[in-house]
Amino acid sequence: MILKKTTKLLVASALVAGLSTAAFAKDRVYKWKLATTWGSTLSPFIDSPKNMAKLAEEMSNGRLQIRVDAANKHKAPLGILDMVKAGQYEMGHSASYYWKGKDINLLPFTTMPFGMTAPEQYAWFYYGGGMELMQKAYKKHKVLSFPGGNSGNQMGGWFRKEINSVEDLKGLKMRIPGFAGEVLAKLGVTVTNIAPGELYTSLERGTIDALEWVSPSMDVKMGFHKIAPYYYTGWHEPATELQFLVNKRKFEKLPKDLQKILVTAMRVSAYDMYIQNYHMNSEAWANIEKDFPNVKIKTFPKSVINAMKKANEELLVEKAKESPLLKEVLKSQAEYLKKVREWTKMADYKYLEDNL
């Protein structure tokens, strides 16, 4: 009899505790911090995490609040992965190719030279196996990575002197990150990666002779045209996807509904940055000749493009040997590009060709 009463009391206590825990979880406010690679005024890159945080708070009815710290606050623009991995920040906003020195497997998830366009790459991420491969690559770092906003096809960079041949590249000091940097290094360029806030000063002081940043809407604000007037069209970053990094342990501690809200907020804000940037570029490009008459728009000679393609293909073969996972990712991207590009040519390319 006593045993039965005790059992009933324990069950009742457990039910009350369970209800209390559920109610607490529902009402609890989670306060997170997010560190970005970008300065507080670097639109639209900084807009993506800010919009994400706003969406997450609104959709969660205030239960998930994310403070966004720009690079000028935390002072470690290229330390985002380490800070999120260590739990110093629950989230980060940066670009995956910045971490190639730490882990070569992370390189391809931003963009690759002569690779997919933004729509093609988004299709690969969400429907072609890209997301699964990205989480597999980041698993050892105990973080999750999600698309964080795409810049579309980036311009090929600002140069002090005109590039007429491969010889003109030899000895050139250039800021260019990712796999494109390795391609140019193979052609004789001295390559470096410099944090966004230091780019203008490095160009002005002659630390570098050339740099690539993004595209007209962001580039002209930086003033690069005042020093290096030759502005080349792109080849190296056809679909530069930024990234949200999330500490895996912290993510798993969130209630399931907040996990879904966070993932949704990241996806919406990422796509919004893509279309925002497209709009900003169209406006900047429409006025570039009038506002910046000294800018000389150039396209790399065919001989230079061919040399870049050859170097790129050779490096891809070499890199694939370094890691089975990298080989798997590169193979997935190449196969998907081969398939999706046929539709891109039939749809977008033919439309433009027939109507321009």
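The values are calculated or read from the model by the stated rules, or taken from the named source; none is laboratory data. This one's a predicted model, so the numbers in the text were calculated from it and none came from an experiment. Neighbour counts are summed over all protein chains in view; Cβ atoms, including those assigned to glycine, are modelled from backbone coordinates with ideal geometry.
Out of the helices (runs of 4 or more DSSP H) lying entirely within segment 243-356, which hold 2 or more residues that are polar (S, T, N, Q) and surrounded by 14 or more Cβ atoms within 10 Å (Cβ to Cβ)?
Where helices (runs of 4 or more DSSP H) fall fully within segment 243-356 and carry at least 2 residues being polar (S, T, N, Q) and surrounded by 14 or more Cβ atoms within 10 Å (Cβ to Cβ), they are 256-291, 324-344.
Which residues, taken from segment 274-321, are under 26 Å from Lys226 (Cβ atoms), hydrophobic (A, V, I, L, M, F, W, C) and free of Cβ contacts under 8 Å to residues at least 40 places away in the same chain?
Ala286
Consider segment 35-57. How many of its residues are assigned to a helix (DSSP H, G or I), within 15 Å of the chain's Cα centre (by Cα) and crowded, with 22+ Cβ neighbours inside 10 Å?
The total comes to 3.
List the pairs whose first member sits in segment 212-233 and is closer than 13 Å to Asn153 by Cβ, whose second member is of a type in the set (Ser, Thr, Tyr) and at pLDDT 95 or above, and whose Cβ atoms are under 6 Å apart, counting only residues at least 6 apart or on separate chains?
Sorted first by the residue in segment 212-233, then by its partner, the pairs are Val214/Ser151; Thr233/Thr299.
Which condition from (1) at pLDDT 95 or above; (2) surrounded by fewer than 17 Cβ atoms within 10 Å (Cβ to Cβ); (3) among the small types (Gly, Ala, Ser) is the one that Gly223 breaks?
Every listed condition holds for Gly223 apart from (1).
Does Ser60 satisfy the criteria of being among the hydroxyl-bearing types (Ser, Thr, Tyr), farther than 22 Å from Trp213 by Cα and either surrounded by 11 or more Cβ atoms within 10 Å (Cβ to Cβ) or modelled with pLDDT of 50 or more (or both)?
Answer is yes for this residue.
Could you tell me whether segment 84-94 includes any residue that is under 22 Å from Gly197 (Cα atoms), hydroxyl-bearing (Ser, Thr, Tyr) and touching a residue at least 12 places away in the same chain (Cβ under 8 Å)?
Narrowing segment 84-94 to residues under 22 Å from Gly197 (Cα atoms): 84, 89, 91-94.
Narrowing the set further to residues that are hydroxyl-bearing (Ser, Thr, Tyr) leaves 89, 94.
Filter again for touching a residue at least 12 places away in the same chain (Cβ under 8 Å), leaving 89, 94.
Yes, segment 84-94 contains at least one residue that is under 22 Å from Gly197 (Cα atoms), hydroxyl-bearing (Ser, Thr, Tyr) and touching a residue at least 12 places away in the same chain (Cβ under 8 Å).
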